[in-house]
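These notes concern the structure reproduced below.
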Amino acid sequence: MQIDSQVFARRRQVFMDKMDGGVAIFPAGRVSSRNSDVDYEFRQESDFFYLTGFEEADAVLMMEPNSENPVTFFVQPRDPVKESWEGPICGAEGAVRDFGADLAFGVEEAPQRVLDALKNQTSLYYGIGTDSSWDQRVISALSFYRSRSRLGEFGPATIIDPRNMVHDQRLRKDGAEVELMARAGAISSEAHCEAMRACRPGLTEAHLQAILEIVFRTNGSKRDAYPSIVATGNNATVLHYRANCDPIKDGDLILIDAGCEYGYLASDITRCFPANGRFSNAQKNVYQLVLNAQLAAIEKCRPGNKFQDVHDTALNVLTQGLIDLNLIAGPFEDAIKEERYKTFFWHRTSHWLGMDVHDVGVYQNNGDWQIFEPGMVLTVEPGLYFSKDNENAPDEYKGIGVRIEDDILITSEGYRVLSADVPKTITEIESLMMEEASVNWPSLG
């Protein structure tokens with residue numbers, strides 16, 4: 001499932017229509033060294049990919065809306081020796097043929113051609129701090145034209161950060177993005193279900209992580225959207241737990257926060273389930289309260305409502321529920337005012353989701369919370385955490401951490417849950433865990 005090159009062309013045109021002439025420069029991502037002669041896996045910089053669909057490193061996009069050839073790519077040149085080691089390189093001809101560039105050149109020509117393009121331009125659209133090498137080239141170009149003023153030449157007097165413009169586009173997903181996000185959600189949903197089916201005391205967190213990521217890869221996902229969190233027992237009370245190596249014990253509640261990336265679009269799903277297939281009474285109390293808060297918050301994900309409405313709704317349900325369970329003192333108004341809920345709930349309920357798992361896009365405009373519009377995608381993920389070290393947690397609740405997270409697309413009619421294929425009621429989860437796993441997963445030694 002790929003996005004047609006015309007979709008990227010339309011995105012570039014939307015961006016150029018917002019420009020007031022001038023020149024825009026977007027560097028691609030660079031390969032980074034991990035250790036010795038081993039590099040980190042390369043993943044294209046999100047804004048660059050959004051505008052180009054081009055996956056090779058060390059490229060540059062230049063856009064000049066008032067030029068006869070407004071879109072120029074600078075790319076790695078073809079190199080038979082390098083390609084025999086690392087695979088095909090698109091080259092300049094391929095950038096024009098396959099990616100819709102009006103002109104394309106080797107990346108080694110970029111500094112001089114960008115310098116030439118900036119001559120007598122009033123504005124440059126470039127994000128300072130995105131690429132240190134290009135930061136220096138931009139500074140050098142501006143200094144060059146300042147020294148040429150007596151010759152009647154000048155360079156841009158205004159530098160505009162283009163990221164806010166692109167991020168405003170990215171906040172509202174187009175049809176191609178929605179399709180990819182739905183697929184990412186479906187793959188991730190199946191991975192969560194398979195982890196629930198396979199789970200049993202005696203396995204480890206690493207075992208479940210392996211199952212998740214096998215399902216991701218075998219269904220066409222090239223990479224995880226973020227490092228998977230597989231936390232059993234008290235580990236689930238650590239928001240961004242990463243070790244994923246502890247044994248799973250009978251009676252533990254397991255929290256999995258994991259999602260794949262598909263076509264550069266992320267999913268982000270969290271589910272909690274009992275290691276032995278049956279919730280204890282204390283686990284049920286916490287789980288049902290978090291689920292009630294999430295369901296109420298999701299109902300606020302409709303056009304015209306505000307981003308903050310989601311958090312406020314979840315917070316109100318959690319706070320009243322904690323009072324009802326005698327876990328914090330009431331009355332409700334005082335508990336909210338004094339933030340008594342923060343003993344067990346201290347994070348926000350939502351974030352934008354898209355090419356980045358914590359995606360771009362403003363949350364407030366001039367102090368007012370963002371109003372939902374069709375095409376926006378956010379997570380809804382309330383939680384409650386009762387660490388064994390929390391002196392305010394009753395003994396029967398200690399070691400329980402619950403977070404429930406779904407991916408929500410705002411539609412013209414209301415909302416669509418992109419992760420709806422993962423069960424989340426207590427009855428549904430216990431029923432799923434009675435099913436046989438699709439594969440006889442080996443135990444880890």
Test for CYS199: is it assigned by TED's automatic domain parsing to the domain that holds ASN390, surrounded by 21 or more Cβ atoms within 10 Å (Cβ to Cβ) and over 20 Å from GLU381 (Cβ atoms): yes
Looking across the range 107-158 at residues that are among the β-branched types (Val, Ile, Thr) and touching a strand residue (DSSP E or B) at 6+ places or on another chain (Cβ under 8 Å), the single one that is modelled with the lowest pLDDT is THR130
Scanning the range 136-181 for residues that are assigned to a helix (DSSP H, G or I), touching a residue at least 12 places away in the same chain (Cβ under 8 Å) and β-branched (Val, Ile, Thr), the one surrounded by the fewest Cβ atoms within 10 Å (Cβ to Cβ) turns out to be VAL178
| message | Among the residues of the range 268-288, are any within 23 Å of the chain's Cα centre (by Cα) and hydroxyl-bearing (Ser, Thr, Tyr)? | response | yes
When restricted to GLY354, GLY383, the only residue small (Gly, Ala, Ser), crowded, with 22+ Cβ neighbours inside 10 Å and over 16 Å from ARG170 (Cα atoms) is GLY383
If you go through VAL215, VAL178, the only one that is modelled with pLDDT of 95 or more and more than 21 Å from TRP352 (Cα to Cα) is VAL215
Matching residues in the range 242-259 (in contact with a Gly (Cβ under 9 Å, 6 or more places away or on another chain) and at negative phi) number 10
Residues in the range 415-443 that are over 26 Å from VAL286 (Cα atoms) and exposed (fewer than 15 other Cβ atoms within 10 Å of the Cβ) total 6
Practice problem: Consider ALA393 carefully, then state whether it is touching a strand residue (DSSP E or B) at 6+ places or on another chain (Cβ under 9 Å), of a type outside the set (D, E, K, R) and part of a loop (DSSP other than H, G, I, E, B). | Solution: yes
Checking GLY330, GLY375 in turn, the sole residue that is assigned by TED's automatic domain parsing to the domain that holds ARG223, in contact with a strand residue (DSSP E or B) (Cβ under 9 Å, 6 or more places away or on another chain) and farther than 17 Å from ASP312 by Cα turns out to be GLY375
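Okay, residues lined up against (1) closer than 18 Å to LYS300 by Cβ; (2) among the β-branched types (Val, Ile, Thr); (3) without any contact (Cβ under 8 Å) to a residue 40 or more places away in the chain:
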site	(1), (2), (3)
PHE344	no, no, no
HIS351	yes, no, yes
PRO374	yes, no, no
VAL402	no, yes, no
ILE429	no, yes, no
Would you confirm whether or not the range 41-51 contains a residue that is modelled with pLDDT of 95 or more, of a type in the set (Ser, Thr, Tyr) and under 19 Å from the mean Cα position of the chain (by Cα)? yes
Scanning the range 47-61 for residues that are within 18 Å of VAL7 (Cα to Cα) and in contact with a helix residue (DSSP H, G or I) (Cβ under 8 Å, 6 or more places away or on another chain) gives ASP47, TYR50, LEU51, THR52, GLY53, PHE54, GLU55, LEU61
GLY263 vs (1) within 21 Å of the chain's Cα centre (by Cα); (2) at negative phi: all pass except (2)
Filtering the range 23-40 down to residues that are of a type in the set (D, E, K, R) and modelled with pLDDT of 95 or more yields ARG30, ARG34, ASP39
(request) Please work out if ALA231 is modelled with pLDDT of 95 or more, surrounded by fewer than 20 Cβ atoms within 10 Å (Cβ to Cβ) and either under 19 Å from the mean Cα position of the chain (by Cα) or assigned by TED's automatic domain parsing to the domain that holds LYS342 (or both). (result) no
- Message: Just to be sure before I move on: is ASP407 assigned to a strand (DSSP E or B), closer than 30 Å to ILE248 by Cα, within 27 Å of the chain's Cα centre (by Cα) and of a type outside the set (Phe, Trp, Tyr) in the structure I sent?
- Response: yes
Checklist line | Selection status of ASP246, of a type in the set (Asp, Glu), more than 23 Å from the chain's Cα centre (by Cα), more than 18 Å from ARG403 (Cα to Cα) and surrounded by fewer than 17 Cβ atoms within 10 Å (Cβ to Cβ) | finding: no
Part of a loop (DSSP other than H, G, I, E, B), within 26 Å of PHE49 (Cα to Cα) and not small (Gly, Ala, Ser) - does that describe any residue in the range 375-385? yes
Filtering the range 410-445 down to residues that are of a type in the set (Val, Ile, Thr) and in a loop (DSSP other than H, G, I, E, B) yields THR411, VAL422, THR425, VAL439
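The values are calculated or read from the model by the stated rules, or taken from the named source; none is laboratory data. Since the structure is predicted, the reported quantities are computational estimates derived from the model, not experimental observations. Reconstructed Cβ throughout: ideal geometry from the backbone, glycine too, with neighbour counts over all protein chains shown.
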